[in-house]
1. If I compute solvent accessible area with a 1.4 Å probe over the protein chains, what percent of it on segment 184-336 is carbon and sulfur?
2. If the only charges are +1 at each Lys and Arg Cβ and -1 at each Asp and Glu Cβ, what is the size of the charge dipole of the chain around the Cα centre, to the nearest 20 debye?
3. Starting from the Cα-Cα distance between M82 and T17, subtract it from 0.36 nm times their residue separation and give me the gain in nm to one decimal.
4. Quick check on the chain: what does the Kirkwood estimate of hydrodynamic radius come out to from the alpha carbon pairs, in Å?
5. For L44 and Q191, calculate 0.36 nm times their separation in residues minus their Cα-Cα distance, and state this gained length in nm to one decimal.
6. For the chain, set up a Gaussian network in which alpha carbons nearer than 10 Å are linked by springs, and say which option among A116, A142, A65 fluctuates the most.
7. Sort S7, S279 by accessible area with a 1.4 Å probe, largest first.
8. Could you work out the longest stretch of the chain that avoids the trypsin sites (Lys or Arg not before Pro) located in DSSP loops with at most 11 other Cβ atoms within 10 Å?
Amino acid sequence: MEGYLLSLALMFVKVLTVFLIALGVGAYLTWFERKLAGHIQNRLGPTVVGPFGLLQPIADAIKLATKETIIPRGADKPVYYMAVIMALVPSILLLAVVPWGPGFRIGNTYVEPIIADVNIALLLAFAFGSLSVYGTIFSGWASNSKYAFIGSLRKAAVVIAYEVVLGFSVLGVILLAGTLSTVGIVEAQIQKGVWFIVYQPVAFILYLYCMLAESGRVPFDIQEAEAELVTGYNVEYGGMKFGAFPLAEWYINVIALSAIAVVLFFGGWDGPNILGPLSPYFWFVFKTFALVFFTLWLHWTLPRFQAKDVTEIAWKILLPIAILNVIITAVVVYAF
């Protein structure tokens, strides 16, 4: 009984830690992106609230929390509120299967820095990622606005198309590792002494496309094309509910998908021992942040695709390449 209570308490601490860190880091990525965009465009970015504008995310949160809540006439209120939950929760759930480093001991207790170390972790990640489309569809439908609904349909089309490509893109990694466990995939790369990006560069490029598309980042942000849809599926939301959608889609989702990319292609926590016992955790966070930085950089560099081009690229170009990559990988793995 005592061991069960200890495991329960440890799980609660891990869930609370991941939840708070995800929200905190996601909020401060808004500051980082605005600073990065400012330097790219020869501006300063946030400078007024706090030193270097570091308190700007807190000011934004207070502003959103104190705004008046306005619900459109004719809106489906239960679905209207449920959409916010369905947008935010799946993005956070993705972090449940991310191993942030190797396990360690605290006294007689063995602690794994992962919430759900299961042998079908990647399947869970795909399932959680697929749920996010419901938040988009619900928000567009429940808002009783044709512009919001068009934006939600655009997003749904993109997510469905790129979820298929995403699934095929990681099959090569699964064949090489022989497991669906995220911990097992990292350990397989460490044992082989080679990161899977070496064997699967095409799969990584496909995964990168899918990550940009699913998180609504340029050049795939057609669902929020301000010039066409007055900000897309969340246009009828205000205050903190309005802020929850970009927080989930643009930031927490990018962090989670970047972390999973590190697991699949960059050896997870593998790296030189430069900080002693903290080295594995440093390398995992460093690799994840590097991919997040790359995503934000692209957002302020590339132009936007048209809606028809985004889905055509997925179905007609990326999916055949992903299937071909899986076939070649399967032949090589089982023949040699």
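1. Numbers: 4880 of 6720 Å².
Carbon and sulfur together cover 73 percent of it.
2. With Lys and Arg at +1 and Asp and Glu at -1, about 420 debye.
3. Working: separation 65, 0.36 × 65 = 23.40 nm, distance 2.43 nm.
Result: 21.0 nm gained on full extension.
4. On the way: mean 1/r = 0.0474 Å⁻¹.
Averaging 1/r across every pair of different Cα atoms and inverting gives 21.1 Å.
5. Residue separation times 0.36 nm, minus the Cα-Cα distance, leaves 48.3 nm.
6. Residue with maximal mean-square fluctuation among A116, A142, A65: A65.
7. Numbers: S7 75, S279 5 Å².
Per-residue accessible area, sorted high to low, gives S7, S279.
8. Working: sites that count: R43, R73.
Longest site-free region, per DSSP loop and neighbour criteria: 74-336.
The values are calculated or read from the model by the stated rules, or taken from the named source; none is laboratory data. Keep in mind the model is a prediction, meaning the values are calculated, not measured. Note: ideal-geometry Cβ built from the backbone for every residue, glycine included; neighbour counts use all protein chains shown. The accessibility values were calculated without ligands, DNA or RNA, using every heavy atom of the protein model including side chains. Shrake-Rupley method; radii C 1.70, N 1.55, O 1.52, S 1.80 Å.
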